[in-house]
Amino acid sequence: MSVIENSKLTVVGAGSVGSSTAYAALIRGSARHIALYDIATEKTEAEVLDLAHGTQFTGSSDIIGGSDISVAEGSHVIVITAGAKQKPGQTRIELAGTNANILKSMMPKLLEVAPNAVFVIVTNPCDVLTVLAQEATGLPPERIFASGTVLDTSRLRWKLAQRAGVASTSVHAYIVGEHGDTEFPLWSKAFIGTVPILDWETEGHPRMTVDELDQIAIDVRDAAYKVIQGKGATNYAIGLSSARIVEAVLRDEHAVMPVSTVLEDFHGVSGVALSVPSIVSAGGAIPIYETQFSPSELQLFRHSADALRTVADELRG
């Protein structure tokens, strides 16, 4: 049962990620009303029609959409997936300039029709875009955040679960930092059940080595590139993870998720958006400042912050 009565989600962008997010939200019943908005009229109307035809099987949710921004009116949550698509071999950071301009022109219009919405930015590079969008709108940092490493964390837990022979829901581990090349796992706080990751051992599942964990971290970091190379885009898992974030907001869950907000003196890091475990509720996302890092993890975190700060400064121009 939603805490927000008659909850409304708008997904901006009717490409593979946006339509997958709308599809996941419909199936999961993430919101009572779902809208899909994109300037490509014909494509958007076709996606909405295709989704609407299945609403008999999705319970209480309905879907509308189109190329007029009024479809977003009164939204409680707006998920932004619009932007140029990441091409094979292209890094997320190379996308930054194009997508920053798209976002800057769109945000004031969205705020006009949905002044109280919580914004979730999925468009890449999501961390840099979150900083620029927060600066441009003046919204409080908790109300505009990126999906960050929620998907990367899911990828990590899936790989660890396979290796350890347990359900992924029993793996408690996080990817933090940039959603991209400088991200890293918080190994010092990684557990399976209550057992530290390096101590886990059952029949047929010997202890993991540090080298093995390093390789898992690389596989998780590069997972998107592998999927993009094979099928041109990542869409299903990011759609599901975005729908899950929406639920945490609309149901006022106070769920802990590694989303990316603009940080203020988080272990000495300020003015950049990076993913850290955060409490996600109806008010948005608040970083958990008590999160402890090992000295080497802190070094990696600051490296991630420096990399993103450089890109943001270049885009501010």
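Using a cutoff of 8 angstrom between alpha carbon atoms and counting only pairs six or more residues apart, the relative contact order for the chain works out to 19 percent. Volume per residue of the convex hull around the Cα atoms, evaluated for region 73-192, comes out as 125 Å³. Between the Cα long axis of helix 295-316 and the first principal axis of the chain there is an angle of about 30°, rounded to the nearest 10. Cross-link list K85/K226; K43/K87; K159/K226; K159/K189; K8/K226: which exceed 25 angstrom alpha carbon to alpha carbon? Correct reply: K8/K226.
Between T202 and D306, the distance separating the two model label sites (each 7 Å from Cα on the Cα→Cβ line) works out to 4.2 nm. Between the beta carbons of V195 and E73, assuming R0 = 35 Å, the FRET efficiency works out to 0.10 to the nearest 0.05. Once both labels are positioned 7 Å from their Cα atoms along Cα-to-Cβ, the gap between T209 and Q56 label points is 5.7 nm. Surface composition of the chain: carbon plus sulfur atoms hold 54% of the accessible area, using a 1.4 angstrom probe and ignoring ligands, DNA and RNA. Only Lys, Arg, Asp and Glu carry charge here, each on its Cβ (+1 for the first two, -1 for the last two); on that basis the chain has a dipole of about 380 debye about its Cα centre.
Solvent-accessible area per residue in region 177-230 equals 54 Å², computed with a 1.4 angstrom probe and all protein chains kept. Ranking F184, L213, V195 by how far each Cα lies toward the positive end of the dipole of region 184-250 (charges on Cβ) leaves F184 at the top. When only Cα pairs below 8 angstrom with a gap of at least 6 residues are kept, region 162-317 shows a relative contact order of 22 percent.
Averaging the sequence gap over all C-alpha pairs within less than 8 Å and six or more residues apart, then dividing by the number of residues, gives region 1-160 a relative contact order of 20 percent.
Between L110, L49, L240, the residue with the greatest mean-square fluctuation in the GNM of the chain (Cα pairs under 10 Å linked by springs) is L49.
Taken about its Cα centre, region 182-234 carries a charge dipole of roughly 300 debye when the Cβ of each Lys and Arg holds +1 and the Cβ of each Asp and Glu holds -1. With the simple spin-label model, which puts each label point 7 Å out from Cα in the Cβ direction, the E135 to E290 separation comes to 3.3 nm. For the chain, the longest principal axis of the C-alpha atoms and the axis of helix 41-52 are separated by about 70°. Rounded to the nearest 20 debye, the dipole magnitude of region 1-157 is 440 debye, with +1 charges on Lys and Arg beta carbons, -1 on Asp and Glu beta carbons, and the Cα centre as origin. Round to the nearest 10 and give me the degree value, 0 to 90, for the angle of helix 210-221's Cα axis relative to the longest principal axis of the chain. Result, in degrees: 10.
What region 52-121 shows is 47 Å² of accessible area per residue, with the surface traced by a 1.4 Å probe over protein heavy atoms. A simple packing score, the average count of other Cβ atoms within 10 Å per residue, orders the peptides 265-271, 103-109 as 103-109, 265-271, with the highest score first.
The values are calculated or read from the model by the stated rules, or taken from the named source; none is laboratory data. Just so it is clear, the structure is predicted and the values come from calculations on it, not from any experiment. Because the Cβ atoms are built from the backbone with ideal geometry, glycine has one as well, and the counts that use them run over all protein chains shown. These area figures cover heavy atoms from the full protein model, side chains too; ligands, DNA and RNA do not enter into them. Shrake-Rupley method; radii C 1.70, N 1.55, O 1.52, S 1.80 Å.
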